[in-house]
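K.L.:
Sharing a structure below in structure tokens format, with a few things to ask.
The values are calculated or read from the model by the stated rules, or taken from the named source; none is laboratory data. In this text the structure is predicted, and so the values were computed from the model without any measurement. No Cβ is skipped: glycine too gets one built from the backbone with ideal geometry, and neighbour counts run over all protein chains shown. Heads up: the accessible areas ignore ligands, DNA and RNA and are worked out on the full protein's heavy atoms, side chains in. Shrake-Rupley method; radii C 1.70, N 1.55, O 1.52, S 1.80 Å.
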Amino acid sequence: MKLTVVGCSGSFPGPQSPSSCYLYEAEGFRMLVDFGNGSLGALQRHVSPFEIDAICLSHLHADHCLDMCSYHVVRSYGPGAPYAKIPVYAPAMAPARLNAAYGMPQEPTMETAFDFTALSPGTFEIGPFQVTAALVNHPVETYGLRVAHGGRSVTYSADTGECDALVGLAGDTDLLLCEASFLDGPGNPPDLHLTGRQAAEHAAKAGAGKLVLTHLVPWHDDARVRADADRGGYSGEIELARSGAVYDLG
Ligand SMILES: [Zn+2]
Ligand SMILES: [Zn+2]
């Protein structure tokens, strides 16, 4: 399984990265997890946009799903279009929300390009991947996603505040891709996002093999986020995500 960080900017695109988007590849199958604003552009540095086989959306905040609208254009009007519908696993409101975001009151709708399945907690197969979804601690319906293949796994926190379910989902995972949107300090609202320190605490409790901090907000100093994480009591390797980073899990 190979993981490519397409976009890791938190809440809005930054100068070095679009919003959240991760490309998982195994056995020639390509799956996107999240499709935030700006990520369709950066995706094309890594793979043809016509060669995506499935998409998962952790939740329907704009920075995690809006490029589905642009991607509808690719699949509906690109050379050789229309392309076969691909499966999209997302919260149940996704078709209505994305149709509204695009401005599609009538045909064609998002459903002409995508075959939507409503996410719910549990484990299911997408191509060669075993995917486990768990609800995490965010103001809207949001799923952390553990993707396993060939005995290895990557667990993605999505957006979440402190969350026992994330610790359970990430138990003994090889790589925890964990959001770190806030800087440590007083005044952070609860049940919304994590700091680097809290991300590291979750990684330590889960026994994760490696921690990659993501959803990095452009107005923060990355060095502060990293310093926060170093205080989280996690003894494994810690990295900050960057657009274009590749993790080959064999
Ligand atoms: Zn977000
Ligand atoms: Zn969010």
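K.L.:
If you bin the C-alpha pair distances of the range 178-218 every 5 Å from 0, what whole percents do you get?
P.N.:
Pair shares across the bins are 6, 25, 32, 22, 11, 4, 0.
K.L.:
Follow-up question, since we're still on this one. Between Asp164 and Glu27, what is the spin-label point distance in nm, taking each point 7 Å from the Cα along the Cα→C-beta axis?
P.N.:
Taking the two extended label points, one gets 3.6 nm.
K.L.:
Restricting things to Cα coordinates, could you compute the convex hull volume per residue of the range 161-250 in Å³?
P.N.:
It comes to 92 Å³ per residue, whole-number rounded.
K.L.:
On to the next question. Tell me the volume per residue, in Å³, of the convex hull enclosing the alpha carbons of the range 1-83. Please list the in-between numbers first.
P.N.:
Working: hull volume 7.2 nm³, N = 83.
For the range 1-83, the hull spanned by Cα atoms encloses 87 Å³ per residue.
K.L.:
Another one. Taking the Cβ-Cβ separation of Ala62 and Ala92 as r and a Förster radius of 22 Å, what is the calculated FRET efficiency to the nearest 0.05? Mind showing how you got there, number by number?
P.N.:
Numbers: r = 18 Å, r/R0 = 0.81.
Taking R0 as 22 Å, the efficiency between Ala62 and Ala92 is 0.80.
K.L.:
Something else about it: Given a 1.4 angstrom probe, I'd like the percentage of the accessible area of the range 1-79 that is carbon and sulfur, rounded to a whole number. If you can, show how the numbers build up before the last one.
P.N.:
Values: 1280 of 2460 Å².
Exposed carbon and sulfur together represent 52 percent of the surface.
K.L.:
Note the direction-averaged projected area, equal to a quarter of the hull surface, for the Cα convex hull of the chain, in nm².
P.N.:
If you wrap the Cα atoms of the chain in a convex hull and average its projections, you get 12.4 nm².
K.L.:
Can you give the accessible area per residue of the range 155-250, in Å², using a 1.4 Å probe? The partial results should precede the final answer.
P.N.:
Values: 3830 Å² over 96 residues.
With the other protein chains kept in place, the range 155-250 gives 40 Å² per residue.
K.L.:
Among the DSSP beta bridges whose two residues both lie in the chain, what percent are antiparallel, rounded to the nearest 5?
P.N.:
Rounded to the nearest five, the antiparallel share is 55 percent.
K.L.:
In deg cm²/dmol, rounded to 500, what helix-only [θ] at 222 nm does the chain give when every DSSP H run of at least 4 residues adds -39500 (n - 2.57) and the total is split over its residues?
P.N.:
Result for the chain: -6000 deg cm²/dmol, rounded to the nearest 500.
K.L.:
Still on this structure, I have one more. For the range 120-250, which whole-number percentage of the solvent-accessible area (1.4 Å probe, protein heavy atoms only) is attributable to carbon and sulfur atoms?
P.N.:
Exposed carbon and sulfur together represent 49 percent of the surface.
K.L.:
First select every other residue whose beta carbon is under 13 angstrom from the beta carbon of Arg231; then total the charges, Lys and Arg +1, Asp and Glu -1. Don't jump to the answer; show the numbers that get you there.
P.N.:
On the way: positive: Arg197, Arg224, Arg226; negative: Asp184, Glu201, Asp228, Asp230.
That sum, taken over residues with Cβ under 13 Å, equals -1.
K.L.:
On each of the three principal axes of the Cα atoms of the range 103-204, give max minus min coordinate, whole Å, ordered largest first.
P.N.:
Here the spans come out as 49, 38, 17 Å, largest first.
K.L.:
So what's the gap between the Cα centers of the range 3-17 and the range 174-194, to the nearest angstrom?
P.N.:
Computed from Cα coordinates, the inter-centre distance equals 16 Å.
K.L.:
Shifting gears a bit: What residue among Pro121, Pro87, Pro18 shows peak mean-square fluctuation when the chain is described by a Gaussian network model with Cα springs under 10 Å?
P.N.:
Result for the chain, Cα springs under 10 Å: Pro121 fluctuates most.
K.L.:
Looking only at Phe182, Phe124, Phe116, which one moves most when the chain is put into a Gaussian network model with springs between Cα atoms under 10 Å?
P.N.:
Highest fluctuation of the listed residues: Phe124.
K.L.:
Still on this structure, please answer the following. Which value does Rg/Rh take for the range 63-134 over its C-alpha atoms, Rh per Kirkwood?
P.N.:
0.99
K.L.:
Here's a follow-up. Which value, in Å³ per residue, describes the convex hull spanned by the Cα atoms of the range 24-148?
P.N.:
Output value, Cα hull per residue: 100 Å³.
K.L.:
Where does the charge balance sit around His61 when Lys and Arg score +1, Asp and Glu -1, over other residues with C-beta under 11 Å from its C-beta?
P.N.:
-3
K.L.:
Could you do me a favour and compute the accessible area per residue for the range 1-69, 1.4 Å probe, result in Å²? Could you put the intermediate results ahead of the total?
P.N.:
Numbers: 2020 Å² over 69 residues.
Dividing the accessible area of the range 1-69 by its residue count gives 29 Å².
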